[in-house]
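Colleague: This is the structure I have questions about; it appears just below.
What follows draws every value from the coordinates through simple rules; no lab data is involved. Just so it is clear, the structure is predicted and the values come from calculations on it, not from any experiment. We place every Cβ from the backbone using ideal geometry, glycine too, and count neighbours over all the protein chains shown.
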Amino acid sequence: MITSKPACMLNSRETQHISSLIAQAFLYSIPCNSSGVTCFGRTVTIGIEGQSVSDSSVFPGLLVDVPEMLHPADVERLGSGPFRVVLFNVSLSGDISEVGDVTLEIHRGVDPERDLLKQLLKLGEQVVKEKVRLFACQKVVHPILQHYLRKHGVVVIERLGLALIEPFVQITGAQAVASVCSLVPTEAYGMVKEICFRSCGSRELLQILPSKDTAVSTMVLCHRNETMLEELKMTCQRAEHVLRLTLREPYALLGGGCTETLLATHITHMNESSAATTAAALCVSQSEFLMAVEAFCSSLQSVALSLEHDGQDCLIDLTYAHRWVPDIYSKTCGCGLVEDRSNLEKTPLNTAYHTFSPVSLKNSPDNQPRILDSFSAKLNALNVAVEMANFVLDVKYIIKDIN
Ligand SMILES: [Zn+2]
């Protein structure tokens with residue numbers, strides 16, 4: 001899957017590295033000690049631009065930017081965990097306009113901002129008293145409150161951002177506090193096992209490790225520029241999704257275009273004998289049915305053809321119906337299951353050839369396909385394609401791109 005995305009601009013060593021990271025992130029996302037219905041965990045992706053792909057890595061837990069005033073010595077002073085955590089999803093900036101949707105009654109001679117700061121410091125006192133060691137906020141934290149907390153040995157993470165709130169809640173078990181007007185309820189506190197510094201390439205990040213098995217990990221992806229990085233992020237997320245689909249429905253198909261050529265050949269051959277009965281069962285004429293079959297099979301062949309990016313021709317062998325490229329160095333078919341031999345007859349894929357029943361090959365320990373496709377992903381793609389084709393048939397006006 002990674003090699004089929006040329007816009008990621010990876011060399012073979014980088015492809016290998018990224019593939020093993022995806023497998024690692026996927027394994028982290030499977031909870032270890034669960035019984036009954038199990039849900040996958042989460043992989044948070046962070047992108048770092050301007051660094052080598054080989055600096056990319058996967059870490060258990062959550063990685064966040066190191067807060068400005070935090071030094072490794074502050075983290076060391078915390079000692080060993082687990083630590084109590086509190087999380088706010090409202091602004092703690094002390095700015096009255098950011099309090100939220102509440103009605104304020106302001107009396108003459110009262111400074112609302114000063115009162116709000118007093119309230120924030122009261123919260124600060126409470127969390128220090130209740131031995132909180134990690135204080136996180138989705139938005140800004142007032143500098144005086146930050147100073148107070150740091151003085152009492154509390155690590156402050158501000159501007160966590162909305163996207164990280166859910167994974168943060170997942171790994172800490174904390175409930176996000178949405179008010180500054182009341183004290184923090186006991187059940188809102190969460191726990192973390194450890195907080196430590198991690199370097200990834202030239203960047204320092206803060207790693208938060210969960211105290212329970214939460215199956216959350218962070219994938220740090222590095223690439224030379226923004227466009228390549230975005231493509232790489234997208235590809236990794238899709239690849240992990242395909243792995244999850246495969247675990248849910250553990251079936252795989254031959255990859256490299258061989259499933260498409262095999263299926264097209266098999267359907268064409270099967271219809272030689274059964275077209276009349278199938279057409280009758282579907283209440284269509286035999287010629288209509290054959291036209292539909294031909295369109296479907298040629299679409300499958302087009303998919304197999306489109307796998308060749310540099311306009312190279314594709315071949316199909318007339319024994320096993322696997323897909324080949326006319327390359328003297330390639331000794332096997334697209335999926336790697338069939339080995340080439342001199343008497344194996346092949347023909348270009350986009351030309352007419354006689355119908356035949358493909359000879360099936362048995363998997364044996366020393367004869368395994370090298371490339372597999374996810375069954376669920378392929379089935380889904382076929383369903384979407386057929387639905388789309390049905391939809392297009394109903395469209396009255398078509399805009400054609402003549403460029
Ligand atoms: Zn093959």
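Colleague: Based on the Cα coordinates of segment 1-88, what is the per residue volume of their convex hull in Å³?
Modeller: Numbers: hull volume 17.2 nm³, N = 88.
Convex hull volume per residue, Cα atoms: 196 Å³.
Colleague: Toward the positive end of the charge dipole of the chain, about the Cα centre and with charges on Cβ (Lys, Arg +1; Asp, Glu -1), which of Gly81, Ala174, Leu209 goes farthest?
Modeller: The residue sitting most towards the positive pole is Gly81.
Colleague: Viscosity 1.306 mPa s, temperature 10 °C: give me the Stokes-Einstein translational D for segment 254-394 in µm²/s, with Rh taken as the Kirkwood radius over C-alpha pairs.
Modeller: On the way: Rh = 16.2 Å.
D = 98 µm²/s.
Colleague: Residue by residue through segment 76-83, which ³J(HN,Hα) values in whole Hz follow from phi under the Karplus form 6.51 cos²θ - 1.76 cosθ + 1.60 (θ = phi - 60°), with glycine and proline marked x?
Modeller: 4, 4, 5, x, 9, x, x, 10
Colleague: If contacts are Cα pairs under 8 angstrom and at least 6 residues apart, what is the relative contact order of segment 62-213 in percent?
Modeller: Numbers: 258 pairs, mean separation 53.8, N = 152.
Averaging sequence separation for qualifying contacts and normalising by length gives 35 percent for segment 62-213.
Colleague: Here is a further query. Expressed as a whole percent, how much of the Cα-Cα distance distribution for segment 62-213 exceeds 26 Å? Each step should come with its number before you reach the end.
Modeller: On the way: 2690 of 11476 pairs.
Considering segment 62-213, 23 percent of its Cα-Cα pairs are separated by more than 26 Å.
Colleague: Also, I was wondering about something else. Only loop residues by DSSP count here, and only those with at most 15 other Cβ atoms within 10 Å; note down the chymotrypsin sites (Phe, Trp or Tyr not before Pro) in segment 236-331 that meet that.
Modeller: Numbers: sites: Tyr251, Phe289, Phe296, Tyr320, Trp324, Tyr329; in loops: Tyr251, Tyr320, Tyr329.
In loop regions of segment 236-331 (DSSP not H, G, I, E or B), the sparsely surrounded chymotrypsin sites (Phe, Trp or Tyr not before Pro) are Tyr251, Tyr329.
Colleague: Still on this structure, I have one more. What do you get for the angle between helix 112-129 and the principal long axis of the chain? Use alpha-carbon atoms, 0 to 90 degrees, nearest ten.
Modeller: Taking the Cα atoms of the chain, the angle to 112-129 is about 80 degrees.
Colleague: If you bin every alpha carbon distance in segment 190-248 into 5 Å steps from zero, what whole percent lands in each bin?
Modeller: With 5 Å bins starting at 0, P(r) equals 4, 14, 17, 18, 18, 18, 11, 2.
Colleague: Here's something else I'd like to know. For helix 226-248, what angle does its Cα long axis make with the longest principal axis of the chain, in degrees from 0 to 90 and rounded to 10?
Modeller: Once rounded, one gets 70 degrees.
Colleague: Rounded to the nearest 20 debye, what is the charge dipole size of the chain about its Cα centre when +1 sits on each Lys and Arg Cβ and -1 on each Asp and Glu Cβ?
Modeller: Values: 34 positive and 44 negative charges, 255 e Å.
In debye, rounded to 20, the chain gives about 1220.
Colleague: Taking all pairs of different Cα atoms in segment 113-201, averaging 1/r and flipping that mean, what Kirkwood radius in angstroms comes out?
Modeller: The Cα-based Kirkwood calculation yields 13.9 Å.
Colleague: Given the convex hull of the Cα atoms of the chain, what is a quarter of its surface area in nm²?
Modeller: Working: hull surface 121.7 nm².
With the hull built on Cα positions only, its mean projection is 30.4 nm².
Colleague: Report, by chain and number, residues whose modeled amide H sits under 5 Å from the one on Leu160, excluding near sequence neighbours (fewer than 5 apart, same chain).
Modeller: Those qualifying (amide H under 5 Å, at least 5 residues apart or on another chain) are Cys137, Gln138, Lys139.
Colleague: Using only alpha carbon positions, build the gyration tensor of segment 172-278, then give the equivalent ellipsoid semi-axes as the square roots of 5 times its eigenvalues, largest first, whole angstrom. Kindly include the intermediate steps, with their values, before the conclusion.
Modeller: Values: eigenvalues 493, 103, 35 Å².
Sorted largest first and rounded, they come to 50, 23, 13 Å.
Colleague: Remind me, relative contact order of segment 254-394 in percent, using alpha carbon pairs under 8 angstrom and six or more residues apart?
Modeller: 29
Colleague: GluC sites (Glu not before Pro) within segment 296-390: which are DSSP loop residues with at most 12 other Cβ atoms inside 10 Å? Walk me through the intermediate numbers first.
Modeller: Values: sites: Glu308, Glu339, Glu345, Glu387; in loops: Glu308, Glu345.
Of the GluC sites (Glu not before Pro), the ones in loops of segment 296-390 whose Cβ has at most 12 other Cβ atoms within 10 Å are Glu345.
Colleague: Gly47's amide H: which non-local residues (gap 5+, or another chain) put their own amide H closer than 5 Å, with H modeled 1.01 Å from N in plane and none for Pro or chain starts?
Modeller: Answer set, sorted by chain and number: Leu221.
Colleague: I would also like to ask the following. Equivalent-ellipsoid semi-axes (√(5λ), Cα gyration tensor) for segment 137-187, whole Å, largest first? Don't skip to the end; give the middle numbers.
Modeller: Numbers: eigenvalues 72, 40, 27 Å².
Sorted largest first and rounded, they come to 19, 14, 12 Å.
Colleague: On to the next question. Can you give the angle from 0 to 90° between the axis of helix 162-172 and the longest principal axis of the chain, with both taken from C-alpha atoms, to the nearest 10?
Modeller: Between the helix axis and the principal axis of the chain, the angle is about 80 degrees.
Colleague: Let me ask another. Using θ = phi - 60° and the Karplus relation 6.51 cos²θ - 1.76 cosθ + 1.60, list the HN-Hα couplings for segment 332-337 in order, rounded to whole Hz, with x at every Gly or Pro.
Modeller: 10, 6, x, 8, x, 7
Colleague: A further question on this structure: Just flag the trypsin sites (Lys or Arg not before Pro) in segment 300-380 sitting in loop per DSSP whose Cβ has no more than 14 other Cβ atoms within 10 Å.
Modeller: Numbers: sites: Arg323, Lys331, Arg341, Lys346, Lys362, Arg370, Lys378; in loops: Lys331, Arg341, Lys362, Arg370.
Qualifying residues, ordered by number: Lys331, Arg341, Lys362, Arg370.
Colleague: Here is a follow-up. Along the positive direction of the dipole of the chain (beta-carbon charges: Lys, Arg +1; Asp, Glu -1; about the Cα centre), which of Thr43, Ile328, Gly255 reaches farthest?
Modeller: After comparing all options, I get Thr43.
Colleague: While we're looking at this one, here's another question. List the residues whose amide H sits under 5 Å from the amide H of Gly41, counting only those 5 or more places along or on another chain, with H placed 1.01 Å from N in the peptide plane.
Modeller: Those qualifying (amide H under 5 Å, at least 5 residues apart or on another chain) are Ile30.
Colleague: Could you tell me the relative contact order of the chain? Use alpha-carbon pairs under 8 Å, at least six residues apart, and round to a whole percent.
Modeller: On the way: 636 pairs, mean separation 78.2, N = 403.
Across the chain, relative contact order equals 19 percent.
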